[in-house]
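Asker: First, the structure itself, so that you have it in front of you.
The values are calculated or read from the model by the stated rules, or taken from the named source; none is laboratory data. This is a predicted model, so every value here is computed, not measured. Neighbour counts run over all protein chains shown; Cβ positions are idealised from the backbone, glycine included.
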Amino acid sequence: MGQYLPILALGILATLFALISLIASRLLNPGRPNDAKNAPYECGIVDQVAPPERFPVRFYLVAMIFIVFDIEIIFLYPFTAVYRELGSFGLVSVIEFAVAVFASFLYVVANGALDWGPLKQVRRSGMMVTPSRTSTSTIRRVGQEGREVHVGDEGVAA
């Protein structure tokens with residue numbers, strides 16, 4: 001039990017340091033929020049317009065691509081350390097894994113996850129944008145069948 005005493009002492013010291021730091025920051029620097037402190041500030045540029053309510057999905061798709069390739073690297077690194085012991089079975093497994101990751105990357109790229117800026121207008125098909133396409137012609141409202149009130153059905157509750 002004595003061998004764990006230094007670890008316990010270090011844990012207690014770390015907790016005390018954290019508590020003392022929090023208490024000191026509250027006492028020495030009380031919060032006085034104002035408009036200048038609460039304003040977003042990045043790179044010396046003050047925003048001229050309000051930020052959008054929602055981020056485009058493309059940001060999340062790029063983040064997911066990044067995570068997929070990070071996971072691939074995490075799984076490939078141990079293979080490089082023991083590839084001689086695994087032999088052809090390990091090589092085939094890694095090739096299957098890399099093909100699956102690359103196929104998901106191709107799918108995301110084919111769906112336009114990396115189309116940014118002016119090039120995205122060039123890649124888009126002109127057939128999708130026509131004057132006849134409106135929100136009433138392209139959106140199907142589900143669950144509205146049979147709810148329309150017809151002339152002569154005033155007595156029926158809709």
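Asker: Could you list all residues from region 40-66 that are surrounded by 10 or more Cβ atoms within 10 Å (Cβ to Cβ), modelled with pLDDT of 70 or more and of a type outside the set (A, V, I, L, M, F, W, C)?
Answerer: Result: R58, Y60.
Asker: Just to verify a result, which residue in region 104-125, among those that are among the aliphatic types (A, V, I, L, M) and at pLDDT below 60, is farthest from Y60 (Cα to Cα)?
Answerer: V122
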